[in-house]
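Reading through the structure tokens given below for one structure.
What follows draws every value from the coordinates through simple rules; no lab data is involved. No experiment lies behind these values; they were computed from the predicted model shown. Cβ placement follows ideal geometry from the backbone for every residue including glycine, while neighbour counts extend to all protein chains displayed.
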Amino acid sequence: MCYSIRGKCTIVTGAASGVGQGIARYFVESGANVIAADRNGTLLKELFGRSPPAGTSYFVGDLRHKLTRLNLMSAVNSEFGRLDVLVNASREFRQTAPREPAAEVLDTMLDQNLRLHFCMAQLAAGTFMKQAEPGKGSRTRIADDKGPIGSIINLSSIASQRTRPELLEYSISNAALNQATRALAVSLARYRIRVNGVAYGTLRKPNLANVLVDLGMNADRESARSEIKRSIPSNRLVEAEEIAHLVRFLASDSTPYLTGQVITVDGGRTLLDSSTMLRP
């Protein structure tokens, strides 16, 4: 199977950086039509430059707001006339003092990492179902009463399973998102809509060393990188492109019976005891 997503009309949120950026790039390279959405317009427009490839467009806005989400769905309809895949890749990451929890930080984490994804999933599901109605110009695949009519993929973190005191609110929001993915899958299965998730480990990115130092893992940046790698059996960090390959698999028509799964991509890290550190 080739796991083709060619021609699939896709929304990728959080597309300006990190794993969202990697997914947006890979989907475009794989022939999908993509609306790359993010609230950081400056970074977003660096994705493909001022003139994105054919079948690709940008959407700048804060999707935590209902009107912005509705405007995004309207933009998808105007640009492509339909929607096949939603990839919820946006996320908010903050550290807090565990002995001084701040209610506003929890609210921010839940708004960005849970409510936004949940609301976008509901909007996408509504769009999928409208497209499947008779007389709506549905394609053969959508009209088929046995095939799926849409796919939703939520990106979360292994912080939902293993956490640190400084990541209290972040961990809670990701664990909630994983359960929302399962609940949505059960609720939407009868409508032939698939919902899956990807919980990934530490992503290799330019500012990673700074984040690790801020977490107090080590005062030296290179030592911090080594420390995190020693907690991973594969002895390396995950690349955005690797996650994008899995998301493509989940978005393709080759997985019609796969739903309600949160797949962990962490090089085996969550299989180890939390106190285990591997030798170099």
May I ask you to derive the relative contact order of segment 1-124, considering only C-alpha pairs under 8 Å and at least 6 residues apart, and to give it as an integer percent? 26 percent
Which of the peptides 176-185, 81-90 is most tightly packed, and how do the rest follow, judged by the mean count of other Cβ atoms within 10 Å per residue? 81-90, 176-185
Report the Cα-based extents of segment 1-81 along its three principal axes, largest first, to the nearest Å. 39, 25, 22
